[in-house]
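To keep things clear, I will list the structure first and then write my remarks on it.
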Amino acid sequence: MPVLVITGTGTEVGKTVVTAAVAATALAAGRSVAVLKAAQTGVRPDEPGDAAEVARLAGPVTTAELARYPEPLAPATAARRAGLAPVHPHEVAEAAAKLATEHDLVLVEGAGGLLVRFDAAGGTLADAARLLSAPVLVVAPAGLGTLNSTELTARELRSRGLEPAGIVIGSWPTAPDLAARCNLADLPDVAGAPLLGSVPAGSGVLAPTVFRAAAPQWLAPRLDGSWDAEAFRVREAPGAF
Ligand SMILES: Nc1ncnc2c1ncn2[C@@H]1O[C@H](COP(=O)(O)OP(=O)(O)O)[C@@H](O)[C@H]1O
Ligand SMILES: [Mg+2]
């Protein structure tokens, strides 16, 4: 699994924090890691973007960004409005493939959800994943509303001949409500893909050393971690199903 594409059901669902957890866990397992943020929107040239945030939390990773646009919009729209060149899916795929020749693992974080457009031709992260034949990890919210958007994302991946590698819950609340608890059973069911981890709420503001030490416990063995979905269900949602 040299390239893993990380998408989400939308924006602000925890893609960057999950990417950092996956990176930290791979680093702890002795693998070299690169993080590619295909298009970074909503930051000025001097501000840290998502790739820098991953490096801050996870540690020594190679970071790369193909383009940066100041407005917090879909990359295609932000590029058009800024009069800047868009990023095309084949450029994302080429950059990831190149990083994969020099690293054990390349994490590609999209912008927003799977079908957010990168260019005027409607190119998306899904097209880049397809060009790379890369597995796609879906980051999903914990609570009410996540089943529909997660199933739609999984279905869209399959309709393009891509297999969802699994789902990671971006932010698991300290006191999960009934919907979140039931979703531990329903998310893998509707997605037809396994739950591969759950990042506790608040993890993004942990000290980096604490984040790095804890991250392997949030992710399943498929992602080099020690998280056990069944044990998590028993602990977090006793009696919910
Ligand atoms: N598990 C978490 N713990 C703490 N903060 C989180 C967690 N997940 C997300 N956040 C916060 O929520 C916001 C959105 O998360 P982020 O990973 O940037 O989402 P995305 O990359 O999907 O847009 C950020 O401010 C981030 O710090
Ligand atoms: Mg992000």
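Tabulated values for the structure
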{"read-out": "Rounded, prolate or oblate (a/c below 1.5 giving rounded, otherwise prolate when a/b exceeds b/c) for region 151-241 by Cα gyration tensor", "value": "oblate"}
{"read-out": "Length added when fully stretched, His90-Ala214, from 0.36 nm per residue minus Cα-Cα", "value": "41.1 nm"}
{"read-out": "Residue with peak Gaussian network fluctuation, the chain [Cα springs, cutoff 10 Å], from Ala28, Ala111, Ala142", "value": "Ala28"}
{"read-out": "Between 0 and 90°, nearest 10: helix 146-159 axis offset from the chain longest Cα axis", "value": "50"}
{"read-out": "Estimated inter-spin distance, Ala231 and Ala29, nm [label 7 Å along Cα→Cβ]", "value": "1.6"}
{"read-out": "Relative contact order of region 43-177, pairs being alpha-carbon contacts under 8 Å that are 6 or more residues apart, as %", "value": "18"}
{"read-out": "Karplus 3J(HN,Hα) series, Hz, for region 15-25 with 6.51 cos²θ - 1.76 cosθ + 1.60 (x for Gly, Pro)", "value": "4, 5, 5, 5, 4, 5, 5, 5, 5, 4, 5"}
{"read-out": "Extension gain (nm, one decimal) between Arg80 and Glu163, 0.36 nm per residue minus Cα-Cα", "value": "26.7 nm"}
{"read-out": "Gaussian network model of the chain, Cα within-10 Å springs - most flexible of Gly197, Gly30, Gly113", "value": "Gly30"}
{"read-out": "0 to 90° range, to nearest 10: angle between helix 89-100 axis and the chain longest Cα axis", "value": "70"}
{"read-out": "Phi-based couplings in Hz for region 103-116 (Karplus 6.51, -1.76, 1.60; Gly and Pro marked x)", "value": "9, 6, 9, 10, 9, 10, 9, x, 10, x, x, 4, 9, 5"}
{"read-out": "Over region 75-189 - Rg/Rh using Cα atoms and the Kirkwood inverse-distance radius", "value": "1.03"}
{"read-out": "Global geometry of the chain, whether rounded, prolate or oblate, following the gyration tensor of its Cα atoms and the 1.5 cut on a/c", "value": "prolate"}
{"read-out": "Whole-Hz ³J(HN,Hα) from phi, Karplus 6.51 cos²θ - 1.76 cosθ + 1.60, for region 185-191, glycine and proline x", "value": "8, 7, 4, x, 5, 6, 7"}
{"read-out": "Net charge contributed by nearby residues that have their C-beta within less than 13 Å of Val43 (K/R +1, D/E -1)", "value": "-3"}
{"read-out": "Virtual spin-label span in nm between Asp104 and Asp189, 7 Å along Cα→Cβ", "value": "3.7"}
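Laboratory data are not the source of any read-out in this text; all were calculated from the coordinates shown. All figures in this text were calculated on a predicted structure; none of them were measured in a lab. Cβ coordinates were reconstructed from backbone atoms using ideal geometry, including for glycine residues, and neighbour counts include every protein chain displayed.
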